[in-house]
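Here's the structure, in C-alpha coordinates; my notes come after.
The values are calculated or read from the model by the stated rules, or taken from the named source; none is laboratory data. None of these values were measured; they are calculated from a predicted model. All Cβ positions, even for glycine, are placed from backbone atoms using ideal geometry, and neighbour counts span all protein chains on display.
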Amino acid sequence: MSALGRIVRAGLLVAMSAVGASAATMNFDNLPDEGAQLGSYSENGIVATALGGVLAYEGTPGFAHLDDSGTGLAYGIDFTMGGLFDAVEFSLTSLGYDFWDPPGPLSDNLIVTGFNGSSVVSMAGFILSDVFGATQTFTLGSAFSGLTSLRIELIYPVNSAYCGAPCGHLDLDYVTLNGPAAVPLPASGLFLIGAGLGLGALRLRRRA
(Lines give C-alpha, C1' and ligand atoms only; values in the text may rest on other atoms or scores of the structure.)
Protein backbone atom coordinates (compact mmCIF):
# COMPACT_ATOMS: atom_id res chain seq x y z
CA MET A 1 0.00 0.00 0.00
CA SER A 2 1.33 3.49 -0.88
CA ALA A 3 2.06 6.10 1.78
CA LEU A 4 -0.97 8.11 0.63
CA GLY A 5 -3.11 4.99 0.83
CA ARG A 6 -1.96 4.39 4.42
CA ILE A 7 -2.85 7.95 5.38
CA VAL A 8 -6.32 7.67 3.85
CA ARG A 9 -6.93 4.29 5.50
CA ALA A 10 -5.89 5.63 8.92
CA GLY A 11 -8.20 8.60 8.51
CA LEU A 12 -11.13 6.39 7.56
CA LEU A 13 -10.58 4.12 10.56
CA VAL A 14 -10.59 7.08 12.92
CA ALA A 15 -13.72 8.49 11.32
CA MET A 16 -15.48 5.12 11.51
CA SER A 17 -14.77 4.93 15.24
CA ALA A 18 -17.18 7.82 15.70
CA VAL A 19 -20.09 5.63 14.61
CA GLY A 20 -21.87 3.64 17.36
CA ALA A 21 -22.21 -0.11 17.14
CA SER A 22 -25.50 -1.50 15.85
CA ALA A 23 -27.80 -3.73 17.86
CA ALA A 24 -26.88 -7.38 18.39
CA THR A 25 -29.36 -10.18 19.04
CA MET A 26 -28.91 -13.52 20.77
CA ASN A 27 -31.50 -15.96 19.42
CA PHE A 28 -29.99 -19.19 20.81
CA ASP A 29 -29.96 -20.91 17.42
CA ASN A 30 -26.99 -23.13 18.36
CA LEU A 31 -27.82 -23.69 22.02
CA PRO A 32 -27.64 -27.45 22.81
CA ASP A 33 -29.87 -29.49 25.11
CA GLU A 34 -28.94 -29.91 28.77
CA GLY A 35 -26.80 -32.97 28.09
CA ALA A 36 -24.01 -30.62 27.00
CA GLN A 37 -23.77 -29.12 30.54
CA LEU A 38 -23.16 -25.65 29.12
CA GLY A 39 -22.40 -22.89 31.62
CA SER A 40 -22.04 -20.08 29.08
CA TYR A 41 -22.96 -19.41 25.47
CA SER A 42 -21.76 -16.74 23.00
CA GLU A 43 -23.53 -15.36 19.94
CA ASN A 44 -23.18 -12.12 17.93
CA GLY A 45 -20.90 -10.49 20.50
CA ILE A 46 -23.19 -11.30 23.44
CA VAL A 47 -22.15 -13.71 26.21
CA ALA A 48 -24.83 -15.49 28.26
CA THR A 49 -23.82 -16.99 31.61
CA ALA A 50 -26.09 -19.41 33.44
CA LEU A 51 -27.28 -18.85 37.02
CA GLY A 52 -27.86 -21.93 39.18
CA GLY A 53 -27.77 -24.56 36.42
CA VAL A 54 -26.93 -25.11 32.77
CA LEU A 55 -27.93 -23.24 29.62
CA ALA A 56 -30.03 -25.40 27.32
CA TYR A 57 -33.22 -25.74 25.38
CA GLU A 58 -35.91 -28.13 26.57
CA GLY A 59 -38.22 -29.57 23.97
CA THR A 60 -37.90 -26.79 21.40
CA PRO A 61 -34.50 -25.88 19.88
CA GLY A 62 -33.73 -22.19 19.43
CA PHE A 63 -34.79 -21.14 22.94
CA ALA A 64 -33.11 -20.93 26.33
CA HIS A 65 -35.28 -22.69 28.91
CA LEU A 66 -35.45 -21.39 32.49
CA ASP A 67 -36.87 -23.25 35.51
CA ASP A 68 -37.27 -21.46 38.82
CA SER A 69 -36.17 -24.47 40.91
CA GLY A 70 -35.77 -28.22 41.18
CA THR A 71 -33.94 -29.05 37.94
CA GLY A 72 -30.45 -28.85 36.47
CA LEU A 73 -31.49 -26.00 34.18
CA ALA A 74 -30.65 -22.38 34.94
CA TYR A 75 -33.11 -20.19 36.82
CA GLY A 76 -31.57 -17.08 35.26
CA ILE A 77 -29.04 -15.72 32.77
CA ASP A 78 -26.56 -12.85 32.90
CA PHE A 79 -25.89 -11.16 29.54
CA THR A 80 -22.69 -9.17 28.89
CA MET A 81 -20.89 -7.61 25.91
CA GLY A 82 -17.42 -6.81 27.25
CA GLY A 83 -18.27 -3.14 27.77
CA LEU A 84 -21.16 -0.77 28.37
CA PHE A 85 -24.36 -1.49 26.45
CA ASP A 86 -28.05 -0.63 26.33
CA ALA A 87 -30.60 -3.43 26.78
CA VAL A 88 -33.29 -3.11 24.11
CA GLU A 89 -35.74 -6.03 24.33
CA PHE A 90 -36.26 -9.76 24.77
CA SER A 91 -38.97 -12.28 23.95
CA LEU A 92 -40.33 -15.12 26.04
CA THR A 93 -42.96 -17.81 26.03
CA SER A 94 -44.41 -18.40 29.49
CA LEU A 95 -45.12 -22.07 30.17
CA GLY A 96 -47.13 -21.39 33.31
CA TYR A 97 -47.03 -22.79 36.85
CA ASP A 98 -47.29 -26.17 38.53
CA PHE A 99 -49.44 -25.33 41.57
CA TRP A 100 -50.87 -28.24 43.54
CA ASP A 101 -53.51 -26.04 45.20
CA PRO A 102 -55.19 -22.80 44.17
CA PRO A 103 -52.54 -20.11 44.70
CA GLY A 104 -52.84 -17.04 46.86
CA PRO A 105 -51.82 -13.61 45.62
CA LEU A 106 -48.70 -13.84 43.48
CA SER A 107 -45.72 -11.53 43.59
CA ASP A 108 -43.45 -10.70 40.66
CA ASN A 109 -41.42 -13.78 39.80
CA LEU A 110 -39.88 -12.74 36.47
CA ILE A 111 -37.22 -10.19 37.39
CA VAL A 112 -35.13 -8.16 34.93
CA THR A 113 -32.18 -6.27 36.42
CA GLY A 114 -29.61 -3.99 34.81
CA PHE A 115 -26.19 -3.64 36.48
CA ASN A 116 -23.25 -1.31 36.12
CA GLY A 117 -20.53 -3.24 37.89
CA SER A 118 -22.08 -4.38 41.17
CA SER A 119 -24.56 -1.50 41.30
CA VAL A 120 -28.19 -1.98 40.28
CA VAL A 121 -29.08 0.57 37.61
CA SER A 122 -32.64 -0.51 36.86
CA MET A 123 -35.12 -3.27 37.64
CA ALA A 124 -38.48 -4.47 36.32
CA GLY A 125 -40.73 -7.27 37.56
CA PHE A 126 -43.55 -9.29 36.03
CA ILE A 127 -45.92 -12.03 37.16
CA LEU A 128 -45.35 -14.99 34.86
CA SER A 129 -49.01 -16.02 34.79
CA ASP A 130 -49.91 -12.59 33.37
CA VAL A 131 -47.92 -13.38 30.23
CA PHE A 132 -48.92 -17.03 29.86
CA GLY A 133 -49.26 -18.44 26.36
CA ALA A 134 -47.94 -17.07 23.10
CA THR A 135 -44.49 -15.58 22.71
CA GLN A 136 -44.40 -11.93 23.77
CA THR A 137 -41.74 -9.24 23.38
CA PHE A 138 -40.74 -7.02 26.30
CA THR A 139 -39.23 -3.66 25.37
CA LEU A 140 -36.83 -2.18 27.90
CA GLY A 141 -36.75 1.60 28.17
CA SER A 142 -34.01 4.16 28.63
CA ALA A 143 -33.57 3.10 32.26
CA PHE A 144 -31.73 0.02 30.96
CA SER A 145 -28.89 2.06 29.44
CA GLY A 146 -25.20 2.13 30.30
CA LEU A 147 -25.13 -1.45 31.62
CA THR A 148 -22.29 -3.89 32.11
CA SER A 149 -24.70 -6.81 32.55
CA LEU A 150 -28.38 -7.64 32.15
CA ARG A 151 -29.96 -10.34 34.32
CA ILE A 152 -33.19 -12.17 33.48
CA GLU A 153 -34.28 -14.61 36.19
CA LEU A 154 -37.19 -16.56 37.61
CA ILE A 155 -37.96 -16.42 41.35
CA TYR A 156 -39.81 -19.27 43.07
CA PRO A 157 -43.23 -17.78 44.01
CA VAL A 158 -44.09 -17.06 47.64
CA ASN A 159 -47.80 -17.57 48.30
CA SER A 160 -50.27 -19.64 50.32
CA ALA A 161 -50.30 -22.69 48.02
CA TYR A 162 -47.73 -25.40 47.49
CA CYS A 163 -46.11 -25.32 44.09
CA GLY A 164 -44.03 -28.06 42.50
CA ALA A 165 -40.33 -27.72 41.82
CA PRO A 166 -39.96 -26.34 39.28
CA CYS A 167 -43.00 -24.15 39.64
CA GLY A 168 -42.54 -21.56 36.88
CA HIS A 169 -41.07 -22.18 33.42
CA LEU A 170 -40.31 -20.11 30.37
CA ASP A 171 -38.55 -20.19 27.01
CA LEU A 172 -36.37 -17.14 26.34
CA ASP A 173 -35.46 -15.81 22.90
CA TYR A 174 -34.31 -12.74 20.91
CA VAL A 175 -32.32 -10.89 23.57
CA THR A 176 -31.31 -7.63 21.83
CA LEU A 177 -28.57 -5.33 23.12
CA ASN A 178 -26.93 -2.20 21.72
CA GLY A 179 -23.22 -2.80 21.97
CA PRO A 180 -20.50 -0.43 23.19
CA ALA A 181 -20.52 2.76 21.09
CA ALA A 182 -17.44 4.90 20.62
CA VAL A 183 -17.68 8.52 21.77
CA PRO A 184 -18.71 10.58 18.72
CA LEU A 185 -16.03 12.92 17.41
CA PRO A 186 -16.92 16.62 17.51
CA ALA A 187 -17.05 18.54 14.25
CA SER A 188 -13.62 20.00 15.02
CA GLY A 189 -12.20 16.48 15.27
CA LEU A 190 -13.56 15.57 11.86
CA PHE A 191 -12.11 18.80 10.47
CA LEU A 192 -8.68 17.89 11.86
CA ILE A 193 -8.88 14.47 10.21
CA GLY A 194 -9.60 16.08 6.86
CA ALA A 195 -6.81 18.63 7.34
CA GLY A 196 -4.36 15.87 8.23
CA LEU A 197 -5.25 13.91 5.11
CA GLY A 198 -4.79 17.02 3.00
CA LEU A 199 -1.38 17.83 4.48
CA GLY A 200 -0.21 14.27 4.04
CA ALA A 201 -1.21 14.25 0.39
CA LEU A 202 0.49 17.62 -0.15
CA ARG A 203 3.75 16.39 1.35
CA LEU A 204 3.73 13.31 -0.86
CA ARG A 205 3.22 15.47 -3.96
CA ARG A 206 6.16 17.75 -2.99
CA ARG A 207 8.44 14.72 -2.53
CA ALA A 208 7.43 13.44 -5.95
Condition check: touching a strand residue (DSSP E or B) at 6+ places or on another chain (Cβ under 6 Å) and on the phi < 0 side of the Ramachandran plot. Does T60 satisfy that? no
Lone qualifier among G125, G104, G133 - being at positive phi and surrounded by fewer than 17 Cβ atoms within 10 Å (Cβ to Cβ): G133
Condition first: over 25 Å from L128 (Cβ atoms) and modelled with pLDDT under 95. Now tell me which residues in the range 38-82 satisfy that. G82
The lone exception for V121 - which of (1) out of contact with any helix residue (DSSP H, G or I) (no Cβ under 8 Å at 6 or more places or on another chain); (2) not hydroxyl-bearing (S, T, Y); (3) not in a loop (DSSP other than H, G, I, E, B) it fails: (1)
Give the range 83-108 a look and list any residue that's assigned to a strand (DSSP E or B) and at pLDDT 95 or above, or say none. F85, D86, A87, V88, E89, F90, S91
Taking the conditions exactly as written (among the β-branched types (V, I, T), at pLDDT 90 or above and exposed (fewer than 11 other Cβ atoms within 10 Å of the Cβ)), does T139 satisfy them or not? yes
Tally the residues that are buried (at least 20 other Cβ atoms within 10 Å of the Cβ), within 16 Å of V47 (Cβ to Cβ) and touching a residue at least 40 places away in the same chain (Cβ under 8 Å), restricting the search to the range 60-78. 3
